[in-house]
Amino acid sequence: MTTLDQIPGLGATSVADLGRLGIKTPFDLLEHYPSRYEDFSSRRLIADAQSGEVVTVAGVITSIKARPITGRKLTLIEGVITDATGSLNVIWFNQKFLLKTLQPGTRVLLSGAVEWQKRGLQMKSPAYEIQRSGESTHTGRIVPIYPLIGSLTQKRLRTAVKFVLGHPSMDWLPDEVRRREGLIDLPTALRQIHFPDNLDATEVAKKRLQFDELFLYELAHLRSREDLKKLKAPVIVEAIDEVKKFVESLPFDLTGAQRKAAWQIIQDMARSEPMNRLLEGDVGSGKTLVAAMAALNAVASGHQTAILAPTEILAEQHYRTLSRLLDVRAGRCARPGQGDHAGSPVLLTRSHGKDRLDDIANGTVKIIVGTHALLEDKVAFHKLGLVVVDEQHRFGVKQRQAMTTKSGEDIVPHLLSMTATPIPRTLALTLYGDLDISVLDEMPKGRKMIRTKLVRHDGSDAVFEEVRRELDAGRQAFFVCPLIDVSDEIEAKSVIELAESLKKGPLKEYKLAVLHGQMKSEEKQKIMQAFCDGKIDALVSTTVIEVGVDVPNATVMFVEGAERFGLAQLHQLRGRVGRSDLPSFCYLRPSGFVPEATYARLRALVECQNGFELAERDLALRGPGDVYGTVQSGFPGFKLADLFDAPMIARARNSASDLLRKDAGLVEHPEVLARLGEYVRRIHFE
């Protein structure tokens, strides 16, 4: 079995919807892990069922009928299930198909909460399954609950996953690694993560699958580093005078960390061994300025620089920032994009034509900013000396390597990766083991602390009074909604609904706009530009504005459904304000009631301004076993792995290093080589 359409019950529509989730093969389906479980493992005779319990009962449907509710578009399906000890009333809502599916005489399993009603015990909207020989799938056990999209249903996914699990699969992890780490075999892990015998079994399975993800990540990066060492890079002479003039032209002073990082990068570029350095800095620490200095150093030697960003919004932001910085250097007030001197950056998107490509190919322009459009075969460079990859964890090894092969010569460009994802210092060297690291741990002078507040859903208008005061003073605000589901339709709906409630309520006198994933790139760029130009007072958006957006006049960040975000992501969102000397505010509003533990996590953001300190606090609050805490981290290939589990990361790295030391080409481990190839191919742009 090699294709999804070979799985019973999956038609063309289901296969297409699975593709939207990134599921292309049956094995991909097995890596679509449950987001949670329903515990229906407690089986009861009907006479023994107690009100308030969640149980599974087995019996025969003795009656079932439909009853419309007068004046409402609602139909009740009322049934009775009977076993040897008694009967139980059951109701479903608007599911007329059950009249045919569960006809009288049908033996079924029903799972759900039992409660007392006037007519006796009742189950409301229980899960059901026609009773057959063999173990149950949807009832009577711990049942997986999966993220859904489009036409997919829980039953369809469970049935498909169970079918794939029934086919033999091979464990690719070397036996010596598995035994040393005390891990279960892969077939068992996959079976227990989807259909566990008990909840303890899910934890054992997660440990194996977490290790697999980290092992592949480390293996890919260690091989990448070794491959890079075999290549040659252009020797870019240190343009100290040119860089000094640029620094002196700036209207502010560099931080000590910026000076140190820039010097490390410039020294690396002067060697024939390809630079492979990570610039790690908190939001607002000035990474783009350091990248500008590196680009200027390359341009001074006649080399090109390509700056790769994960989204068009971030690429546009880098383009504008670099244009502004380098126009200062040139003593110009030219409008960004005029490109009237060789050091002016240009922005490359899919919409740009042949003239722009020709200018890049013949070396007329030296600094090129873009998204994955830069990776296309039609884009040729002239003496490409430096590649800067922003938010490097959002690109796979394959994408980063693709840029290092586009110099058009027998040498590869130097590579500078950047990230604002706060990773504890104790983990950075292990997680980014293939990179040299520069850390920006100082903030530019003049930056004020962002006042962060927790806001409850209590109907109070006080928070909006504060927002209105900022808008009345000519400032701007971001309102961010969570991605409630992987569906773009639901994402758009959440944004539009919040925008409508603001327009009709507390912000009805102001200019609002929405930004979400269903919009075309041109429309998103137009709205973002209008916001940057101050033509929009408040922007209601999803996390497309999470990284890199720089609007100094924005002083308010309001996060709706804050409990749905990880601390790292909330810190990134907060970093969209406080980018000037103006007092700024971040409001975190959870969705209704949330547990005290969730409030404790959000309070950490209120108390911590430093991203690295916040990452350490996150580790202390969650503990390394909270595998779902990093799903939103953005690291490719990580579905279960915990970025804060330092011991497991170190073990995975040591195992990967040991394997490559013994078998550099993985010739003696073809299963590992094949699995690594699949992993690298699957990692793609977000």
Revision key, fill the gap. Note on the range 180-267: contact order normalised by length, alpha-carbon pairs under 8 Å, 6 or more apart, percent, works out to 19
Check your understanding: What full-extension length gain, to one decimal in nm, is calculated for LYS448 and GLN529 as 0.36 nm per residue of separation minus the Cα-Cα distance?
Key -> 26.6 nm
Revision key, fill the gap. Sorting GLY134, THR62, ILE149 by the position of each Cα along the dipole of the chain (Lys, Arg +1; Asp, Glu -1; all at Cβ), the one nearest the positive end of that ordering is THR62
Exercise for review: Compute the whole-percent fraction of alpha carbon pairs in the chain spaced more than 44 Å apart.
Suggested key: 31
**Study point:** Over the range 73-215: Rg over Rh, Cα atoms, Kirkwood Rh
**Key:** 1.09
Review point. Given a 1.4 Å probe and the protein chains all in place, what does the accessible area of THR70 round to, in Å² to the nearest 10?
Key: 140
Review point. With no solvent and one point per C-alpha, what does the Debye sum give as log10 I(q)/I(0) for the range 529-618 at q = 0.12 Å⁻¹?
Key: -0.38
Study note, to complete from the structure: So for R0 = 56 Å, FRET eff. of GLU226-THR598 from the Cβ-Cβ r, to 0.05, ends up at 0.80
Study note, to complete from the structure: Here the convex hull volume per residue of the range 17-128, taken over Cα atoms and given in Å³, is 154
Review point. Taking the highest mean first, how do the peptides 448-454, 125-131, 371-377 order by number of other beta carbon atoms within 10 angstrom per residue?
Key: 125-131, 371-377, 448-454
Point to revise | Value of relative contact order over the chain, rounded to a whole percent, pairs C-alpha under 8 Å and six or more apart | key: 12
Study note, to complete from the structure: Note to self: Kirkwood Rh of the range 1-70, Cα pairs, one decimal, Å, is 16.5
Review point. So if we plug the beta-carbon distance of THR2 and ILE130 into 1/(1 + (r/R0)^6) with R0 = 41 Å, what FRET efficiency do we get, rounded to 0.05?
Key: 0.85
Exercise for review: Please give every one of the lysines within straight-line cross-link reach of LYS245, meaning a C-alpha to C-alpha distance under 27 Å, and leave out same-chain neighbours fewer than 8 residues apart.
Suggested key: LYS260, LYS287, LYS366, LYS383, LYS445
Exercise for review: Write down the Kirkwood hydrodynamic radius of the range 519-581, to one decimal in angstroms, obtained as one divided by the mean of 1/r over all alpha carbon pairs.
Suggested key: 12.5
Check your understanding: Which value at 222 nm does the chain reach when only helices count, each DSSP H run of 4 or more adding -39,500 (n - 2.57), with the total divided by all residues and rounded to the nearest 500 deg cm²/dmol?
Key -> -11500 deg cm²/dmol
**Study point:** Among SER323, ALA646, ILE450 the positive-end extreme of the charge dipole of the chain (Cβ point charges)
**Key:** ILE450
Exercise for review: Restricting to the chain, compute how many DSSP beta bridges are antiparallel as a %, nearest 5.
Suggested key: 40
Point to revise | Rounded to the nearest 20 debye, dipole of the chain from Cβ charges on Lys, Arg, Asp, Glu | key: 1360
Practice item. Please calculate the 1.4 Å probe accessible area of CYS532, with all protein chains present, and give it to the nearest 10 Å². Key: 40
Exercise for review: Quickly work out the THR82-to-SER591 label distance, labels modelled 7 Å from Cα along the C-beta direction, and quote it in nm with one decimal.
Suggested key: 4.3
Revision key, fill the gap. Restricting to lysines and to Cα separations under 30 Å from LYS65, and discarding same-chain partners fewer than 8 apart, the set is LYS73, LYS96, LYS100, LYS118, LYS124, LYS155
Exercise for review: Among PRO590, GLY52, TYR37, flag the residue with its Cα farthest along the positive direction of the charge dipole of the chain, charges on Cβ as +1 for Lys/Arg and -1 for Asp/Glu.
Suggested key: GLY52
Point to revise | Surface/4 of the Cα convex hull for the range 220-278, nm² | key: 4.9
Revision key, fill the gap. Site ILE437, offset 7 angstrom along Cα→Cβ, radius 17 Å on amide nitrogen, limited to the range 644-684, gives 644-654
**Study point:** Charge context of GLY52, other residues only, Cβ under 14 angstrom, K/R +1, D/E -1
**Key:** -1
Practice item. Starting from the Cα-Cα distance between THR25 and GLN50, subtract it from 0.36 nm times their residue separation and give me the gain in nm to one decimal. Key: 4.6 nm
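For a Förster distance of 51 Å, can you work out the FRET efficiency between the beta-carbons of ALA664 and GLU500, rounded to the nearest 0.05?
That gives a FRET efficiency of 0.30.
Top to bottom by accessible area (1.4 Å), largest first, where do LYS639, LYS65, LYS100, LYS118 land?
From most accessible down to least: LYS118, LYS100, LYS65, LYS639.
Can you give me the relative contact order of the range 182-230 as a percent, contacts being Cα pairs under 8 Å and 6 or more apart?
34
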Review point. Dipole size in debye (nearest 20) for the range 97-159 around its Cα centre, Lys and Arg Cβ +1, Asp and Glu Cβ -1?
Key: 160
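The values are calculated or read from the model by the stated rules, or taken from the named source; none is laboratory data. On a predicted model such as this, the values are computed, not experimentally measured, just so you know. Cβ coordinates were reconstructed from backbone atoms using ideal geometry, including for glycine residues, and neighbour counts include every protein chain displayed. For accessibility, only protein heavy atoms count, side chains too; no ligands or nucleic acids. Shrake-Rupley method; radii C 1.70, N 1.55, O 1.52, S 1.80 Å.
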